[in-house]
Structure formats: structure tokens, C-alpha cells
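Below you'll find the structure, written out as C-alpha cells, and then a few comments.
The values are calculated or read from the model by the stated rules, or taken from the named source; none is laboratory data. Note that this is a predicted model, so its numbers are computed, not measured. Cβ atoms come from the backbone with ideal geometry, glycine included; neighbour counts cover every protein chain shown. Note: areas computed on protein heavy atoms with side chains; ligands, DNA, RNA excluded. Shrake-Rupley method; radii C 1.70, N 1.55, O 1.52, S 1.80 Å.
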Amino acid sequence: MGTFLNPIHFSTQLATLTGLASGNLNTDNLPDLVVTASNGASAFFNASTPGNFNIVFGQLLTSVPSTAVAVGNLDADAHPDIAVTSKSGGGQVLVFQNTGSGFFSTPSTFAAGSNPVAIALGDTDGDGKLDILVANGNARDPFPYC
């Protein structure tokens, strides 16, 4: 394994952080970030140049308390979308579709049980489309969306 430089801190303007995911949100071939927190979720764009780390605010996705996040192309349009879990509304998944420029739609919401604590994306049923899997802290079984 190589070596790492000292950590570089940047402000998210969010409260207690709960999740982090990375993906090329705005098609510039740089890994962007999505951060979830006790007071919402936001997307940040990577504006770095060689030797200069720079993250800039992109979009406040929601002010709903959020617990976890995953990034992947959920609607087969070649643009990565964002799935966020929240304990609000009885427990839900909020899916934000990428508009193609790195900005995101108003979310579609799906029930996720009362205590969603983790989320993952993968083609679990073999149909060539990403599915959403949610771990619920009050249950022994994951909550799949296929």
C-alpha cells in the first residue's frame, strides 16, 4: 500500500455526518461526493487540479435527516443517481435522478422500514438494472427494491 498525505478538511455546512459516497456526478471524470447528515444530504463537486484538492458545493438534496447514501445509475440513462436513506416518514429511501448536468430532481420516495441504517446498490436479480438494498436496524433481513 502507498502512503497518504495529511487529511484535507472542508466544510459541508451539515450537522453530524452519517454517510459518504463518491461518483462522477457531473460527467467531468472526477469523483464527486455526496454527504448525508442528521440535518440533510448534499452533493459536492470535485474541482481539483493536479496537486490541488478542491471541493465545491453542488446542491442541497434534502433537509430531511439522512442516515446513508449510495450512488449509481438507477434509471439506465448513463448518469449516476443518488439514493439516500432516512428515518423520517416512518423510514424511507429518497431517490434523486440526475438531470444530466450533475443536478438532481425532486426525490421519489419509497418505504424502507422504521430504522434504515445502510444502503447498497447492485443487480441482485440479474436483470441488468441496479437494485436498492437497505439494511434496517430493527429487522434481521435487508429491504430489497428490485
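Numerical summary
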{"read-out": "Number of the condition not met by S66 [criteria: (1) in a loop (DSSP other than H, G, I, E, B); (2) touching an Asp or Glu at 6+ places or on another chain (Cβ under 9 Å); (3) crowded, with 22+ Cβ neighbours inside 10 Å]", "value": "(2)"}
{"read-out": "Qualifying positions in the range 93-140 - hydroxyl-bearing (S, T, Y) and within 18 Å of N26 (Cα to Cα)", "value": "T99, S101, S105, T106"}
{"read-out": "Residue in the range 50-58 that is assigned to a loop (DSSP other than H, G, I, E, B), free of Cβ contacts under 8 Å to residues at least 60 places away in the same chain and open to solvent by less than 30 Å² (accessible area, probe 1.4 Å) present", "value": "no"}
{"read-out": "Flag for L30 being in a loop (DSSP other than H, G, I, E, B), open to solvent by 40 Å² or more (accessible area, probe 1.4 Å), of a type in the set (A, V, I, L, M, F, W, C) and touching a strand residue (DSSP E or B) at 6+ places or on another chain (Cβ under 9 Å)", "value": "yes"}
{"read-out": "Residue among L14, L61 that is surrounded by 15 or more Cβ atoms within 10 Å (Cβ to Cβ) and either assigned to a strand (DSSP E or B) or touching an Asp or Glu at 6+ places or on another chain (Cβ under 6 Å) (or both)", "value": "L61"}
{"read-out": "Whichever residue in the range 76-110 is charged (D, E, K, R) and either in contact with a strand residue (DSSP E or B) (Cβ under 7 Å, 6 or more places away or on another chain) or surrounded by 23 or more Cβ atoms within 10 Å (Cβ to Cβ) (or both) and, among such residues, is modelled with the highest pLDDT", "value": "D81"}
